[in-house]
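S.K.: Structure below; questions to follow.
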Amino acid sequence: MPPQTFSRRAFLGSAIAATASAPVIANPPEIRITGFGFLRLRYPERMPVKRNATIRSGGGRAGMTQLELYTDGGLVGRSLPKSSGLIEGLFHRVKGENPFYVERIWDRMYRGNRKPVAKGAYIEAMGSVDIAVWDIIGKALGMPVYQVLGAHADRLRVYAAGGYYRDDKTTADLVAEMEGYVEEGFRAVKMKVGGEPMRVDEERVRAVRHAIGPDVDLLLDANNRWAPYEAIRFGRMVEQYEPFWFEEPVVADDFQGCAEVKHALDIPIVAGENEYTRWGTRDLIEHRSCDILNLDTVKAGGITEHRKISALASAYHIPVSPHGSPHMASHLLASTPNALIMETYPGVQSRYNPALPLYPVEDGYITMPQKPGLGIDPDPEMVKKYKVEDR
């Protein structure tokens with residue numbers, strides 16, 4: 001049979017005919033953002049007092065705050081917010097908008113400010129609103145957010161964030177903690193360094209590596225503790241234990257110093273947790289500061305902005321591994337081709353937030369939830385039991 005030939009006229013005719021027979025895609029649902037509020041839950045448990053290399057935290061009652069964005073269609077968008085006090089000032093830029101115009105909403109929040117800033121609490125508040133908008137979109141479509149974004153994976157590799165210092169905690173206690181995470185199903189665990197003399201921290205790292213064996217990845221987090229020369233010295237002390245990464249070895253704004261550490265060590269360097277937006281990411285990348293980026297999903301400007309961050313990083317073959325907020329970061333990462341691993345917390349931590357339990361871990365992975373939106377709507381019985389009314 002001779003090969004078929006096409007004229008330009010025939011091609012255009014067939015394309016028009018195909019278009020005419022294709023299903024018509026409706027416009028985005030006509031829903032509008034009408035209001036906002038906060039759901040506050042407080043539990044009887046008290047958070048343990050702990051510390052990393054730079055700050056002490058905990059001791060107060062456990063609880064959860066969720067931002068709620070209301071719509072005229074009855075859908076409620078939720079997020080776990082940061083800088084909640086600034087959200088009221090942002091809301092007048094969002095009120096009346098159709099959530100499906102999420103890029104316009106982000107720009108209105110950012111460029112509608114007389115003095116837009118690329119860092120700070122204002123961006124955190126924007127990120128809080130943005131993520132709640134994505135929750136509305138997912139619920140309106142009856143799909144989990146990661147599928148709305150364009151799914152890349154249904155399972156995510158995760159690590160257990162822990163290994164904090166406590167005044168009464170011994171190295172044996174730390175080892176038992178890390179072994180417990182492995183028994184729970186984690187194949188990667190993170191511990192703090194920088195809060196004790198280097199020789200003590202080296203012994204802590206050595207003990208954990210010996211206990212978990214060579215097949216479980218060990219992540220180290222210095223929480224911006226050291227000057228570059230100190231971070232290099234410590235890195236050389238622990239390189240023999242093959243850390244999976246060395247997180248925030250120097251102060252957050254020392255891009256050049258972080259680059260010095262990166263070039264001096266064979267351990268992958270992670271930075272970005274305390275940075276904001278694609279513009280902060282650009283600066284980190286241009287300084288060649290790190291091997292892996294861990295900008296926070298909320299702090300960096302929300303899912304809308306972090307998608308741009310991830311795309312920018314991918315152009316430089318840099319993987320991303322967002323800090324914190326696993327219930328929101330999971331949807332971002334499951335739609336991100338250059339995602340590396342996700343920070344989450346061991347199941348025992350769910351006792352501090354029974355209304356939002358953590359994902360079960362199996363062989364180092366979590367399976368993405370299939371509920372519409374982010375899947376963070378709390379159980380109504382839990383709300384009834386633990387809700388705190390605003391005064």
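S.K.: Identify the residue in the stretch 89-133 that is of a type in the set (A, V, I, L, M, F, W, C) and touching a Leu at 6+ places or on another chain (Cβ under 7 Å) and, among all such residues, is farthest from V76 (Cα to Cα).
M.R.: Narrowing the stretch 89-133 to residues of a type in the set (A, V, I, L, M, F, W, C): 90-91, 94, 100, 102, 105-106, 109, 117-118, 121, 123, 125-126, 129, 131-133.
Then keep just the ones that are touching a Leu at 6+ places or on another chain (Cβ under 7 Å); that gives 109, 121, 125-126, 129, 132-133.
Working: M109: 20, A121: 24, A125: 18, M126: 17, V129: 12, A132: 8, V133: 9 Å.
This residue is A121.
S.K.: Among residues belonging to the stretch 164-179 that are touching a Gly at 6+ places or on another chain (Cβ under 7 Å) and part of a helix (DSSP H, G or I), point out the one that is most open to solvent (accessible area, probe 1.4 Å).
M.R.: For the stretch 164-179, the residue satisfying everything is E177.
S.K.: Going by the conditions given, is D296 among the acidic types (D, E) and under 8 Å from the mean Cα position of the chain (by Cα)?
M.R.: So D296 fits the description; yes.
S.K.: Within the stretch 216-230, can you find the residues that are in a strand (DSSP E or B) and buried (at least 20 other Cβ atoms within 10 Å of the Cβ)?
M.R.: Once the filter is applied, which keeps residues that are in a strand (DSSP E or B) and buried (at least 20 other Cβ atoms within 10 Å of the Cβ), the stretch 216-230 yields L218, L219, L220, D221, W226.
S.K.: I need a count of the residues in the stretch 326-354 that are in contact with a Pro (Cβ under 8 Å, 6 or more places away or on another chain), at pLDDT 95 or above and not hydroxyl-bearing (S, T, Y).
M.R.: 9
S.K.: Quick one: is I303 open to solvent by less than 40 Å² (accessible area, probe 1.4 Å) and part of a helix (DSSP H, G or I)?
M.R.: yes
S.K.: Answer with yes or no whether G301 is at pLDDT 95 or above, small (G, A, S) and in contact with a helix residue (DSSP H, G or I) (Cβ under 8 Å, 6 or more places away or on another chain).
M.R.: yes
Here's the yes/no breakdown for (1) touching a strand residue (DSSP E or B) at 6+ places or on another chain (Cβ under 7 Å); (2) open to solvent by 30 Å² or more (accessible area, probe 1.4 Å); (3) part of a loop (DSSP other than H, G, I, E, B):
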residue	(1), (2), (3)
R206	no, yes, no
P214	no, yes, yes
I232	no, no, no
E239	no, yes, no
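S.K.: Give the residues of the stretch 37-57 that are surrounded by 13 or more Cβ atoms within 10 Å (Cβ to Cβ) and either free of Cβ contacts under 8 Å to residues at least 12 places away in the same chain or farther than 24 Å from P354 by Cα (or both), sorted by residue number.
M.R.: Result: N52, A53, T54, R56.
S.K.: If you take the residues of the stretch 241-266 that are part of a strand (DSSP E or B) and among the hydrophobic types (A, V, I, L, M, F, W, C), which of them is surrounded by the fewest Cβ atoms within 10 Å (Cβ to Cβ)?
M.R.: Among residues in the stretch 241-266 that are part of a strand (DSSP E or B) and among the hydrophobic types (A, V, I, L, M, F, W, C), the one surrounded by the fewest Cβ atoms within 10 Å (Cβ to Cβ) is W245.
S.K.: Quick one: L284 ticks every box in (1) in contact with a strand residue (DSSP E or B) (Cβ under 7 Å, 6 or more places away or on another chain); (2) of a type in the set (A, V, I, L, M, F, W, C); (3) within 21 Å of M191 (Cβ to Cβ) except a single one, so which number is it?
M.R.: L284 satisfies every listed condition except (3).
S.K.: Return the pairs, sorted by first residue and then second, in which the second residue is part of a helix (DSSP H, G or I) and open to solvent by 30 Å² or more (accessible area, probe 1.4 Å), the first residue lies in the stretch 255-270 and is more than 10 Å from H287 (Cβ to Cβ) and of a type in the set (D, E, K, R), the beta carbons are less than 7 Å apart, and the residues are 6+ apart or on different chains.
M.R.: The qualifying pairs are D266/E239.
S.K.: Across the stretch 180-204, which residue is farthest from A53 (Cα to Cα) among those that are open to solvent by 40 Å² or more (accessible area, probe 1.4 Å) and touching a Gly at 6+ places or on another chain (Cβ under 8 Å)?
M.R.: E184
Each row is one residue, and each column tells you yes or no for (1) open to solvent by less than 60 Å² (accessible area, probe 1.4 Å); (2) closer than 19 Å to Y181 by Cβ; (3) part of a loop (DSSP other than H, G, I, E, B).
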| site | (1), (2), (3) |
| --- | --- |
| L284 | yes, no, no |
| V298 | yes, no, yes |
| A313 | yes, no, no |
| H317 | no, no, yes |
| V348 | no, yes, no |
| Q370 | no, no, yes |
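S.K.: Take H323 and decide whether it is open to solvent by less than 10 Å² (accessible area, probe 1.4 Å) and either in contact with a Lys or Arg (Cβ under 8 Å, 6 or more places away or on another chain) or under 23 Å from W245 (Cβ atoms) (or both).
M.R.: On the way: open to solvent by less than 10 Å² (accessible area, probe 1.4 Å): no; either in contact with a Lys or Arg (Cβ under 8 Å, 6 or more places away or on another chain) or under 23 Å from W245 (Cβ atoms) (or both): yes.
Against the criterion (open to solvent by less than 10 Å² (accessible area, probe 1.4 Å) and either in contact with a Lys or Arg (Cβ under 8 Å, 6 or more places away or on another chain) or under 23 Å from W245 (Cβ atoms) (or both)), H323 does not qualify.
The values are calculated or read from the model by the stated rules, or taken from the named source; none is laboratory data. Computed from a predicted structure; not experimentally measured. Glycine also receives a Cβ, built like all others from the backbone with ideal geometry; neighbour counts cover every protein chain displayed. Heads up: the accessible areas ignore ligands, DNA and RNA and are worked out on the full protein's heavy atoms, side chains in. Shrake-Rupley method; radii C 1.70, N 1.55, O 1.52, S 1.80 Å.
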